[in-house]
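Input: one structure, supplied below.
The values are calculated or read from the model by the stated rules, or taken from the named source; none is laboratory data. Everything numeric in this text was worked out from a predicted model, so none of it was measured. Every residue, glycine as well, gets a Cβ built from its backbone with ideal geometry; the counts of neighbours run over all protein chains shown. The protein model used for the area step is the full one, side chains on, heavy atoms only, and it has no ligands, DNA or RNA in it. Shrake-Rupley method; radii C 1.70, N 1.55, O 1.52, S 1.80 Å.
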Amino acid sequence: MLSRRALFRLLAAAPSSYALSQSFLPLPARRSGELDIHHIDTGRGNSTLIVGPDGTTLLVDAGASAVTLDTSAPPRPNASRRPGEWIARYAQKVSHADYLDYALITHIHPDHTGDVTPGCPLSSSGAYRLTGISDVDAILPIRTVIDRAFPDFGSAKPLNAPFAANYLAYLQERVAKKRAVQSAMVGSISQLQLKDVQTRVLAANGRIWTGSGTSSRLLTPQGRALSAEEQPNENFYSIALRLQFGNFSYYTGGDLACDTHDGRVPWLDNETPVARLAGRTDVAAANHHGYFDSTGAAFTDALDAQAYIVQAWDVGHPGPAQAQRMLGEWPGAKKHDVYALESLPANALINSRFTPRFKSRQGHVVVRVAADTKSFRIHLLDATNEDMAVRWVSDPYRCRG
């Protein structure tokens, strides 16, 4: 009789995709030299853990949205812990480390940094409440936090809201205690040091890379006051990254969007120029959860990803046009795979033409890239408990270089 390990290896070598039973093997440990990208399904917002070939860790966002279940997914695995606590426990289990090397917060919204509710306890110092990224840090200390611009946001001031004030208080205490906080360096390929992985900052705080060195430019008009309609929102200031690991490439861009108010404010579309800087990638996280104002035609044309990951948790994630566009659901169009972390019933109904084509509709989505960077597989893990049971594994994708 085959052992569990032998059975998994047999299935992993199978020539076709396969569905797994409702209680099966946990995700095998990452082998040295492999790159893992874990899109963590908490039902409360974005959080992605990247584990480099040498074990270096980068957490991108740690959302803890407090919106009601009327419009959002249930907490995963459950509501017995706060989302940041679940994220830290997941990262500990995956990395086998007692710290994170980096945490990068794409922008200052609750589903990326953490909301503040009466149930959030005070930190040990009493300076801020534990939620989202500060919850993670309390359990799994973070060596370096990278923010979109802290402490000098220029004209791109964070919102005057409790969640933003709490996040800034957390960063201020880190600085006071001489714990590293950095502002994103647009164009840099040296700020994030993951062995054998080139990580370039394409955009941050409303600036985008020019394509040369570390120079950047603003998209907002200069030299005049902006009207109320022209004012960017917080999503506009998101950090965008492109990772290159040998032949494999990956894009993530927070909540960048392409909504120009039907052409009235064309420069509000910073998704398009950033996507063109990124170019063709193997795997891409959909901007702004695939929401109605993002993931435009230029985005999918430029990235042409083999697989799109939709970090969905809200009833509007993704929009129908965005689902159609990512899949390539037109006669003769190039097809792509779509993996959603959540698919709420109302959204699945609206997207009933497209959701049957999704490769996943609930669970952690893990991209594992082979050490030789020639191929990768995508694993779907159960998010309703901490067993990390593999529910499905893709065929191997070939990295396109």
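Using a basic spin-label model with each label point 7 Å from the Cα along Cα→Cβ, how many nm lie between GLN198 and TRP267?
Distance between label points: 3.0 nm.
Pick out, from TRP330, ALA284, THR300, the residue whose Cα sits farthest towards the positive end of the charge dipole of region 282-401, with +1 on the Cβ of Lys and Arg and -1 on the Cβ of Asp and Glu.
Final value for the positive-end residue is TRP330.
Summarise the accessible area of the chain (1.4 Å probe, protein heavy atoms) by the percent that is carbon and sulfur. Spell out each step's value before the answer.
On the way: 8470 of 16160 Å².
Ligands and nucleic acids excluded, carbon and sulfur reach 52 percent.
Residues with beta-carbon under 9 Å from that of VAL94, excluding VAL94: net charge, scoring Lys, Arg +1 and Asp, Glu -1?
Within the 9 Å Cβ shell, the charges total +1.
DSSP beta bridges in the chain, what fraction antiparallel, as a percent rounded to 5? Mind showing how you got there, number by number?
Numbers: 46 of 67 bridges.
For the chain, the DSSP antiparallel bridge percentage is about 70.
Along region 60-70, what does the Karplus equation 6.51 cos²θ - 1.76 cosθ + 1.60 (θ = phi - 60°) give for ³J(HN,Hα), rounded to whole Hz, x for Gly and Pro?
Values per residue, Gly and Pro as x: 9, 6, 8, x, 8, 6, 10, 5, 6, 6, 4 Hz.
So, one more: Please report Rg (one decimal) and Dmax (integer) in Å for the Cα set of region 230-322.
So, for region 230-322, Rg and Dmax equal 12.6, 41 Å respectively.
By its C-alpha gyration tensor, with a ≥ b ≥ c as the square roots of the eigenvalues, how is region 293-370 shaped: rounded for a/c under 1.5, else prolate for a/b larger than b/c, else oblate?
Verdict is oblate for region 293-370.
Please work out the Kirkwood hydrodynamic radius for region 74-176, using every pair of different C-alpha atoms, and report it in angstroms with one decimal place.
Answer for region 74-176: a Kirkwood hydrodynamic radius of 14.1 Å.
Using only the Cα atoms of region 247-401, build the gyration tensor, take square roots of its eigenvalues as a ≥ b ≥ c, and label the shape rounded, prolate or oblate: rounded if a/c is under 1.5, else prolate if a/b is larger than b/c, else oblate.
Oblate shape, in that a/c is at least 1.5 and b/c is the bigger or equal ratio.
Residues with amide H under 5 Å of LEU59's amide H, sequence separation 5 or more or different chain, H placed in the peptide plane at 1.01 Å from N; which?
Amide H neighbours of LEU59, under 5 Å, 5+ apart: ILE50, TYR102, ALA103, LEU104.
Between region 142-169 and region 222-298, what is the separation of their alpha carbon centroids in Å?
20
On a full-extension model of 0.36 nm per residue, what is the gain between ALA169 and ASN233, subtracting their alpha-carbon distance, rounded to one decimal in nm?
On the way: separation 64, 0.36 × 64 = 23.04 nm, distance 2.13 nm.
Extra length available between ALA169 and ASN233 comes to 20.9 nm.
When the Debye formula is applied to the Cα atoms of region 122-266, each taken as the same point scatterer, what base-10 log of I(q)/I(0) results at q = 0.09, 0.18 Å⁻¹?
-0.34, -1.18
Rounded to the nearest 20 debye, what is the charge dipole size of the chain about its Cα centre when +1 sits on each Lys and Arg Cβ and -1 on each Asp and Glu Cβ?
Taking the Cα centre of the chain as origin, the dipole is about 1000 debye.
Out of region 151-253, which trypsin sites (Lys or Arg not before Pro) are coil in DSSP terms and have no more than 15 other C-beta atoms within 10 Å?
Details: sites: ARG174, LYS177, LYS178, ARG179, LYS195, ARG200, ARG207, ARG217, ARG224, ARG242; in loops: LYS177, LYS178, ARG179, LYS195, ARG224.
Within region 151-253, the qualifying trypsin sites (Lys or Arg not before Pro) (loop, at most 15 other Cβ atoms within 10 Å) are LYS177, LYS178, ARG179, LYS195, ARG224.
Next up: Please state, to two decimals, what the Cα-based radius of gyration of region 329-371 comes to when divided by 2.2 N^0.38 Å (N = residues). Before the final figure, lay out the partial values.
On the way: Rg = 12.7 Å, N = 43, 2.2 N^0.38 = 9.2 Å.
It is 1.38.
At 1.4 Å probe radius, can you tell me the per residue accessible area of the chain in Å²?
40
Where does the chain land at 222 nm, in deg cm²/dmol rounded to the nearest 500, when only DSSP H runs of n ≥ 4 count, each adding -39500 (n - 2.57), divided by all residues?
Calculated mean residue ellipticity at 222 nm is -5500 deg cm²/dmol.
Rg to Rh for the chain: what is it, with Cα atoms only and Rh by Kirkwood? Working shown, then result.
Working: Rg = 20.0 Å, Rh = 21.2 Å.
With Rh from the inverse mean 1/r over Cα pairs, Rg/Rh is 0.94.
Looking at the square roots a ≥ b ≥ c of the eigenvalues of the Cα gyration tensor of region 34-103, which shape do they give, rounded for a/c under 1.5, prolate if a/b is larger than b/c, or oblate?
On the way: a/c = 2.66, a/b = 2.17, b/c = 1.22.
It comes out prolate by the Cα gyration axes.
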